[in-house]
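Please treat every number below as a calculation from the coordinates, not as lab data. Computed from a prediction, not measured in an experiment: that's the story for all the values here. Because the Cβ atoms are built from the backbone with ideal geometry, glycine has one as well, and the counts that use them run over all protein chains shown.
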Amino acid sequence: MSPLNILLAGVLFTLIGIALGIVTGLLPGIHVNTVSFILLSSQTQILVVVALLTSIFSPTVELLLAFVSVMIIGCAVAHTFLNFIPSTYLGVPEGDTALSVLPAHRMTLSGRGYEAVKASAVGSLYAVFFSLLLIIPAKLAIESIYEPIMTIFPYILISIVGMLIMREGEDLLHVKPKLIALGIFTLSGILGVILLLSSNLYNLFWSPYQPTGVNPSSAMLFPLFTGLFGSSNLLISLMDDVEIPEQIVKDVKIELSRKKTIRGTVTGTLAGSLVGVLPGITAASATAITNLGKDDGEASVREYIISVSAVDTACAFFTLIALFVMMRARSGAMVAVLQLNQAYIEPWRHSLTPPWFFALLLFSVTLSSLVAYILTIKFAKSLSTLHHRINYNLLSKSILIMVTLLVFILTGPLGILVLLVSTFIGLIPPLSGARRVHLMGCLIVPILIYYFSLGNLILSYVGL
């Protein structure tokens, strides 16, 4: 295929990926990792479809796999834009408890939900532009300081966890919220250890959809995160039965100075670069750290939204750089890309001459960002206008049923059990007023156990 034909095919499959990103972004509980898991485990069938769509160009197997990867990247990037819409309008609690859930919910309850989504989209788009400027510096930094940092990384991770726990409560002497946060972190950590480090757990693993070439522990991440962050949030909205007020959509401008907009974007992008490269640091924890010391006023809420969106999108961007510089996958999407192309993928060695595959995926990131920005604004405006016609309780129940069925199809009875347990744990933060960031113990604790080589000892002690 000529470079022009490869580029045209890249546009086609990026758009298909964006369509998938609309689904994962707008439906709570459906994540990019779910799509990546399905594409990876059904790669033979997917390759047949891709070959039919590009038959006029007679592509090689290497190119077919690259086009599937372009779909995954388009989906991953579009998801980071669109997923803020259900986060803003679904799972909105009563006014008295809004402070404990999401800043965007506060704006929704005051009729500013569309502005919140608009701020989020701006943060994500600016993060892509800023990340493009950091490609070469990021590559050089990864090559020079990654290994030294990893020698002390477990202690950095422990410090971050401690800092986040100590932030709970009104002051340092307010002990109860800190104990609750520690309990949430510990419970989710125990669940993560059981699911990610125990091999005996999957001896009887069965699901109606039998994936090939996918580790059952990786598949179990779907019900784990769906319960912790998806279904639990929907249940909160069902319990509160809140009525969303009329939303302002005409002549909406983000009420934030240019200085704070840039500050939120820069801090979010830099934090996202760490999330994309270092294991265990999540977007939520990175955003919480970058917002230390800021007041809780209206401007700060908007800056927080821009920052958290920048973290999310920048993370997707920098996981791509980490993949080609270190040949290590730092997200479910990158795991799928690496496994699909492991026979063909070429590492990025020379700064000014990146591999063609990396350049193609970078083009997909840029295109999907521009399209997803436009779609996010349009979808958010439509939803804000039609919100009074939407039965949010019925919608939440429908999504819960659909997600539960999908969990059963992909992960079977064990996945349903994990979904139930993780949902109960995921309900603790909003009901107790704690931050949801502590739920990331499900990944951080297994990572710490791995680094300190305690896995076999702990699992044998508990009989796993």
query: Looking at segment 397-459, which chymotrypsin sites (Phe, Trp or Tyr not before Pro) are DSSP coil and have at most 13 other C-beta atoms within 10 Å of their C-beta?
result: Phe452
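Take every Cα pair under 8 Å in segment 312-464 that's 6+ residues apart, average their separations, divide by the length, and report that relative contact order as a whole percent.
8
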- prompt: What helices does the chain have that are whole DSSP H segments, at least 30 Å long along their own axis by Cα, and with mean Kyte-Doolittle hydropathy of 1.0 or more?
  reply: 3-26, 61-82, 113-133, 135-166, 175-197, 298-326, 356-386, 392-432
task: Find the relative contact order for the chain and round it to a whole percent, using C-alpha pairs within less than 8 Å whose residues are 6+ positions apart.
output: 30
- request: Enter the mean projected area of the convex hull around the alpha-carbon atoms of segment 317-358, in nm², rounded to one decimal.
  value: 2.8
task: With the Cα gyration tensor of the chain in hand, convert its eigenvalues to equivalent ellipsoid semi-axes via √(5λ) and list them largest first in whole Å.
output: 31, 27, 24
- line: Longest the chain segment clear of trypsin sites (Lys or Arg not before Pro) sitting in DSSP loops (not H, G, I, E or B) with at most 13 other Cβ atoms within 10 Å runs 1-249
Extended-chain gain in nm, criterion 0.36 nm per residue less alpha-carbon gap, Tyr155 and Leu8: 48.3 nm
query: Dipole of the chain, Cα-centred, from +1 at each Lys and Arg C-beta and -1 at each Asp and Glu C-beta, to the nearest 20 debye?
result: 460
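Taking GluC sites (Glu not before Pro) as candidate sites, keep only those in a DSSP loop with at most 16 other Cβ atoms within 10 Å, then name the longest stretch of the chain containing none of them.
256-464
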task: Take the Cα atoms of segment 130-192, build their convex hull, and give its volume per residue in Å³.
output: 141
statement: Here FRET efficiency (C-beta to C-beta, Met326 to Met163, R₀ 22 Å, nearest 0.05) is 0.25
message: Quick check: pseudo-label points 7 Å beyond the Cα along Cα→Cβ at Ser110 and Met402, how many nm apart are they?
response: 3.2
query: How do Leu394, Leu340 line up, fewest other C-beta atoms within 10 Å first?
result: Leu394, Leu340
- request: Enumerate lysine pairs in the chain that are 8 or more residues apart or on different chains, then count those whose Cα atoms are under 20 Å apart.
  value: 13
statement: The FRET efficiency for Glu346 and Leu132, from their Cβ-Cβ distance with R0 = 22 Å and rounded to 0.05, is 0.55
